[in-house]
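The values are calculated or read from the model by the stated rules, or taken from the named source; none is laboratory data. Everything quoted here is computed from the prediction, not taken from an experiment. Here the Cβ is made from the backbone with ideal geometry for all residues, glycine too, and neighbour counts use every protein chain on show.
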Amino acid sequence: MTPEARQIVFENVSKFYGEVLGVNKVSFSLDPGITSLVGPNGSGKTTLMNLLTGLIKPSRGAIYVLGLTPHQPIEFFRQVGFCTQFDSFPPGTNGHDFIYWPLRLHGFGHDQAAKLTNEALERAGMAEVARRKVAGYSKGMRQRIRLAQAIAHHPSVLVLDEPLNGLDPMARSESIALFQAIAKQGMHVIISSHILEEVDRISDRVVLMSSGYVVAEGQIREVRKEVQDHPMQILVRCSNAPRLAAAAFELDHVVEAKILNDGRGVLVRTRDAEQFYLLLNKIVSGGLVEVDAVAPADDDVNSIYQYLIGSDGGPA
Amino acid sequence: MSAQDLVARAQKWSKEQPWRLYGSQISVLVRNEVRRNLFTRRRIGIYLLALVPALIILTHVIFDRNQPAGPAQIEEDTQILAGIVQLYYFRLGIFFACMAIFTWLFRGEMVERTLHYQFLVPVRREVLVVGKFIAGTLVAIALFETGLLACFYLMYSRFGSAGRSYVFEGPGLGQLGSYLLAAALACIGYGAVFLALSLLFKNPIVPGVVIMGWETIAPIFPSWAQRLSVTFYLKPLCPVSLPLTGPLAIFTVVAEPVSPFLAVLGLLCLTIAILVLSCFLIHRMEITYTTE
């Protein structure tokens, strides 16, 4: 098998919705494993996934999934499963039928389709509620039944658009374990998320997107290092702010220490938050400064985007 | 490229196609679509369109049950039935029902945001078009043939043995067969038109009204243009001519009559041409629910 036949390849792909940019000049190739598409809302993650699965067509460029394109739907969709973000279902359907009938369209006979349906329901933890109408499901259950449908035919490429949205902690951890198990079998798992931390620990590689462009792509270790290098802002409300600011400045990793306008606190930017907290503990225990509150000022994903991709993470 | 090469290529292509898979996919699609389209409260309006004439005839039967039931009355009721079929069913009932059923096949799924499920299974989009079209046609035919049969039964059953004699020994059964055939062809023809319109336009209501206008005024256009209207092919199949005068005559005029065989063949050809166009259009379709 050629490398291309195992890869997902985007070749200079652009998508425009009239005047509006969806994604622009996207080129990369992905090997099997877990790949995360990460970016703020409106950055083009869903567009990229819809392009990958043929729900929309590229304005320019070409996409190959294991050497196939959506123009060969029979071969293509036997290899690809897509759990979309659309929270809508055929009216009146129940969980079992939602998975069973698409399997019949795959060409499976009744027995095989029923077997695969039950297996998918078990894997997604939905077996007990399978005969209930989907309309009566909670958001997390709807998410899981869509996941069950996407994996039911044992695809080689599983595409998941914000798959952890709406899941409770237990279901999240089960879903993550499922993604990892699928990836271990040598398959592609492509996950989109606007929360980097959410996919950080399970991804083999990450594609960072902003405003329709791929701004960074590579092994998760590299991105993680960049994130760690990102100076973090910490707000300390305290007495004797000038004393704390002076002490902070003595640390190499502190790049800025700004006394607040009211004089009752300091905003510190540091490359090593751990070390700064140790210093703070020492100062407090020495009785030099009385601390009212300590809070990370930018410990959210948007600040990481701002650092990595120059965006505030808001809707593009 | 020679004709032989073309034939050879067509044969090769045909051999490569998984026809058995297409067949099973179509049967699954039809089953699901029929269930979605036929057995739902949303379709009450279409039931009414199909059954209102039967209800009117039932009222007529109840209130006029003491009227004399001679051959003249049968002849008059035959004309009334012809009017119901040609002016109501072919012009309005089947037209609007097909508009509702066939435009909803794809556009409805766009509105309900469920079409992506159909596009994410290993089904060729042409198969999807054919499956949905067959399902819509079955639903429309089932409803309107039932309505027609009910009208026919109610119209002649009140005449007792004279009615039975008209149906089984006279022209009645032949007329019924012609109406059923024409109604089925109307469902097929209008169905194909509205399926294509739903793939061309986000809101197919306005083009639907334009089509209705075209179907009405087509008889005044040259014969080649008339062949692009569904009613052109239905008129030769109608067994009873309506002696209408004035503006209503435009509904019944047959500008250039063709034989019933050619009418059936012509309508089927027109339907196939429109379905081919639909297959082309479905390939352009993208899932962009936010713009719906």
Among the candidates B:Ile57, B:Ile62, B:Ile44, B:Ile26, residue that is in contact (Cβ under 8 Å) with a residue 12 or more places away in the chain and either more than 14 Å from chain A (Cβ to nearest Cβ) or touching a Cys at 6+ places or on another chain (Cβ under 8 Å) (or both): B:Ile57
In the range B:79-116, residue nearest to the other protein chains (Cβ to nearest Cβ) [restricted to those that are under 16 Å from B:Ala150 (Cα atoms) and aliphatic (A, V, I, L, M)]: B:Ile94
Qualifying residue in the range A:67-82 (condition: surrounded by fewer than 16 Cβ atoms within 10 Å (Cβ to Cβ), among the hydroxyl-bearing types (Ser, Thr, Tyr) and in the same structural domain as A:Ser29 (by TED's automatic domain parsing)): yes
A:Pro102 vs. criteria in a loop (DSSP other than H, G, I, E, B) and facing another protein chain (nearest Cβ under 7 Å): no
Flag for A:Pro70 being over 23 Å from A:Ala183 (Cα atoms), within 29 Å of the chain's Cα centre (by Cα) and within 12 Å of chain B (Cβ to nearest Cβ): no
Some residue of the range A:295-312 being modelled with pLDDT under 85, part of a strand (DSSP E or B) and out of contact with any strand residue (DSSP E or B) (no Cβ under 8 Å at 6 or more places or on another chain): no
Residue in the range A:78-88 that is free of Cβ contacts under 8 Å to residues at least 12 places away in the same chain, within 23 Å of B:Met110 (Cβ to Cβ) and within 13 Å of chain B (Cβ to nearest Cβ) present: yes
Residues of the range A:78-99 classified as on the phi < 0 side of the Ramachandran plot and assigned to a loop (DSSP other than H, G, I, E, B), total: 9
Those residues of the range B:218-239 which are surrounded by fewer than 17 Cβ atoms within 10 Å (Cβ to Cβ) and either under 27 Å from B:Thr78 (Cβ atoms) or aromatic (Phe, Trp, Tyr) (or both), in sequence order: B:Phe221, B:Trp224
Residue check, A:Asp262 among the acidic types (Asp, Glu), modelled with pLDDT of 75 or more and not assigned by TED's automatic domain parsing to the domain that holds A:Lys45: yes
Qualifying positions in the range A:127-142 - under 19 Å from the mean Cα position of the chain (by Cα) and modelled with pLDDT of 90 or more: A:Arg142
The range A:257-276, residues that are loosely packed, with under 14 Cβ neighbours inside 10 Å and part of a helix (DSSP H, G or I): A:Glu274
Enumeration of residues in the range A:135-187 that are assigned to a loop (DSSP other than H, G, I, E, B), under 19 Å from A:Leu121 (Cβ atoms) and among the small types (Gly, Ala, Ser): A:Ser138, A:Ala152, A:Gly166
Residue in the range A:59-71 that is under 20 Å from B:Glu286 (Cα atoms), of a type in the set (D, E, K, R) and assigned to a loop (DSSP other than H, G, I, E, B) present: no
Residue in the range A:40-58 that is farther than 18 Å from A:Pro163 by Cα and more than 10 Å from chain B (Cβ to nearest Cβ) present: yes
Selection from the range B:119-147 of residues that are of a type outside the set (Asp, Glu), within 14 Å of another protein chain (Cβ to nearest Cβ) and touching a residue at least 40 places away in the same chain (Cβ under 8 Å): B:Phe119, B:Val123, B:Arg124, B:Arg125, B:Val127, B:Leu128, B:Val129, B:Val130, B:Gly131, B:Lys132, B:Ala135
Test: residue in the range A:17-35 that is surrounded by fewer than 19 Cβ atoms within 10 Å (Cβ to Cβ), within 9 Å of another protein chain (Cβ to nearest Cβ) and either in a strand (DSSP E or B) or in contact with a helix residue (DSSP H, G or I) (Cβ under 7 Å, 6 or more places away or on another chain) (or both): yes
Test: residue in the range A:115-132 that is within 13 Å of another protein chain (Cβ to nearest Cβ), outside any strand (DSSP E or B), out of contact with any strand residue (DSSP E or B) (no Cβ under 6 Å at 6 or more places or on another chain) and farther than 27 Å from A:Ile8 by Cβ: no
Identity of the residue in the range B:158-217, of a type in the set (S, T, N, Q) and more than 18 Å from B:Ala142 (Cα to Cα), that ends up surrounded by the fewest Cβ atoms within 10 Å (Cβ to Cβ): B:Ser161
Total residues in the range A:1-55, condition of a type in the set (A, V, I, L, M), under 20 Å from the mean Cα position of the chain (by Cα) and farther than 27 Å from B:Thr114 by Cβ: 5
